[in-house]
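For reference, the structure discussed in these notes is given below.
The values are calculated or read from the model by the stated rules, or taken from the named source; none is laboratory data. What you are looking at is a predicted structure, and each value in this text was computed from that prediction instead of being measured. Neighbour counts are summed over all protein chains in view; Cβ atoms, including those assigned to glycine, are modelled from backbone coordinates with ideal geometry. The accessibility values were calculated without ligands, DNA or RNA, using every heavy atom of the protein model including side chains. Shrake-Rupley method; radii C 1.70, N 1.55, O 1.52, S 1.80 Å.
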Amino acid sequence: MRRVEHVMGFPVSLRIDDEGDFGAAADEVFAWLRRVDARFSPFKSGSEVSRYGRGELAEDELSADLREVLGLCERYRSATGGAFDVRLAGRGLDPCAVVKGWSVQRAAGLLAAAGARRFCLNAGGDVVVSGGPWRVGIRHPEQADRVCSVLAVTDAAVATSGRYERGDHILDGRTGRPATGLLSLTVVAPTLTEADTTATAAFALGADGPAWAAARPGCEVFAVDTARRVLRTPGLPVA
Amino acid sequence: MKRAIPVFVLTVAGLIPVWRYHPSAGTVETAQPASTPPPVPSGTASAPSASSSAASSKVVPGTAVSTTKGVFQVEVTFRGDRIASVRMLQAPHHPQTRWAVPELIAETLTAQSAHIDTVSGATITSQGYRESLQAALDAKGS
């Protein structure tokens, strides 16, 4: 079965290749993502994130989920020397970079719990697959209808950060300025929580990003720098 | 100089974990010009403050320190009373203390249109989706 719905402002494509009826499981996936959007969006003034950002909620009043997300944010902030920061000066708390990967990985967990074994969940370009190998193309950073590499991915996640879709939305927390040095950076990791956050944090690091991401345990990297050169780890599962 | 000795020891002790765990961008093959300084994690080396920049600089080699992994020696540049920079003069070639250098292969960027199941890319907006490769894959079905 296949289904596409738009949640959090991006398209979410679900494909399940198992036999059987997974309609209810798919419903549950999209309902969960919509719930996450309502609770964690910094663009909704009534969300838990917005209320915490404005100081209306104390730390001990936060949900276990938000505490988990904020813990992840802090871990990546310190691992990047401040380049990855969800509390930038002049901006409210914006944990989107962590929430996306974390919530889609949870959604994959819902599918697995419902008995799905062979599925591919793509949330606006970030991918979790179960079973495999799935052929995952990496979008060419300058040609929207082309890929620049194809990966064979089994039971893993792939996330890409770049500025070609939404412009300079990733800032280097060390300078507060848009991250430069890379056109795109893709990470393959055991979970999308790790892949997405590592890709975003590495992109914020700029030219230092590929080496930093490559040093993270379990992460394989494919990066394109502004000189249009590819830097990739030897373990990248190229198809 | 007597007062400086504990400083060297502390500096060496402080540098070892950095040296062991911080992947230096400067050591990545062809990742960038060799002149790019490796990023220094905050709090490990005192940056010279604006007020001390006018003070005279003094470069002092530290004493060699033996550890279970081998001998370390640093060189410290003082600006006034502050440590402006620290450089490694001697470090052992021990597998556990080598730079955590991740290997990166440099390749040429290519554009292809191969058979794929899905596309990973920078977060696409719902508007951008309409013209995307993923939309075409979703529409095609299996």
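So how do A:Arg75, A:Arg106 rank on accessible area, 1.4 Å probe, biggest first, that is with the largest at the start?
Working: A:Arg75 140, A:Arg106 90 Å².
Sorted descending by solvent-accessible area, the residues read A:Arg75, A:Arg106.
When only C-alpha pairs under 8 Å and at least 6 residues apart count, what is the relative contact order of chain A, in percent? Walk me through the numbers on the way to the answer.
Working: 467 pairs, mean separation 39.4, N = 239.
17 percent.
I need two numbers for chain A: Rg to one decimal and Dmax as a whole number, Cα atoms only, in Å.
Answer for chain A, Rg first and Dmax second: 17.4, 52 Å.
Provide, as a two-decimal number, the C-alpha radius of gyration of the stretch A:60-150 over 2.2 N^0.38 Å, N being how many residues it has.
Values: Rg = 16.6 Å, N = 91, 2.2 N^0.38 = 12.2 Å.
Output field value: 1.36.
When all protein chains stay in place, what accessible area (Å², nearest 10, 1.4 Å probe) is found for A:Val188?
In the full protein context, A:Val188 sits at about 10 Å².
Taking Cα pairs under 8 Å and at least six residues apart, what relative contact order does the stretch A:51-178 come out at, in percent? Provide the component values of the computation, followed by the final result.
Details: 142 pairs, mean separation 25.0, N = 128.
Result for the stretch A:51-178 is 20 percent.
Do me a favour and compute the ellipsoid semi-axes for the stretch A:46-107 from its Cα gyration tensor, root of five times each eigenvalue, largest one first, whole Å. Could you put the intermediate results ahead of the total?
Working: eigenvalues 62, 51, 23 Å².
In descending order the semi-axes read 18, 16, 11 Å.
Taking H placed 1.01 Å from N in the peptide plane, check which residues at least 5 places from A:Arg174 or on another chain put their amide H under 5 Å from its amide H.
Amide H neighbours of A:Arg174: A:Ala83.
What number, rounded to the nearest 500 deg cm²/dmol, is the helix-based mean residue ellipticity at 222 nm of chain A, given -39500 (n - 2.57) per DSSP H run of at least four residues and division by all its residues? Write out the running numbers ahead of the final one.
Details: 6 runs with 78 residues, N = 239.
The per-residue figure over chain A is -10500 deg cm²/dmol.
At A:Asp145 and A:His6, where each label point lies 7 Å from the Cα along Cα→Cβ, what is the point-to-point distance in nanometres?
For the pair A:Asp145/A:His6, the computed spacing is 2.2 nm.
Which one of A:Val69, A:Ser45, A:Gly137 has its Cα pushed farthest toward the positive end of the charge dipole of the stretch A:13-140, where Lys and Arg give +1 and Asp and Glu give -1 at the Cβ?
Value computed over the given set: A:Gly137.
Let me test this: with uniform point scatterers at the alpha carbons of the stretch A:152-239, what is the Debye-based log₁₀ I(q)/I(0) at q = 0.26 1/Å?
Cα-only, vacuum Debye calculation for the stretch A:152-239: -1.32.
Between A and B, buried accessible area summed over both sides at probe 1.4 Å, in Å² to the nearest 100? Could the numbers behind the result be given before it?
Numbers: alone 11170 and 10740 Å², together 17740 Å².
Using a 1.4 Å probe, the pair buries roughly 4200 Å².
Within 10 Å of each Cβ in peptide A:217-223, how many partner chain Cβ atoms are there on average? Round it to a whole number, please. Could you put the intermediate results ahead of the total?
Details: counts 0, 0, 1, 0, 2, 3, 2.
Counting Cβ atoms of other protein chains within 10 Å of each residue's Cβ and averaging gives 1.
Tell me the per residue accessible area of the stretch A:1-115 using a 1.4 Å probe; a whole number in Å² is fine.
Details: 5360 Å² over 115 residues.
Per residue, the stretch A:1-115 has 47 Å² of solvent-accessible surface.
Tell me, what is the 1.4 Å probe accessible area of B:Ile105, in Å² to the nearest 10?
50
Would you mind giving the average projected area, over all directions, of the Cα convex hull of the stretch A:85-217 in nm² with one decimal? Mind showing how you got there, number by number?
Working: hull surface 33.1 nm².
Averaged projected area of the stretch A:85-217's Cα convex hull equals 8.3 nm².
Label points 7 Å out from Cα along the Cβ direction at B:Val60 and A:Glu68: separation in nm?
About 5.1 nm, to one decimal.
Hey, got a sec? Which GluC sites (Glu not before Pro) in the stretch A:40-85 land in a DSSP loop and have at most 14 other Cβ atoms within 10 Å?
Taking the stretch A:40-85 and a limit of 14 other Cβ atoms within 10 Å, the loop GluC sites (Glu not before Pro) found are A:Glu56.
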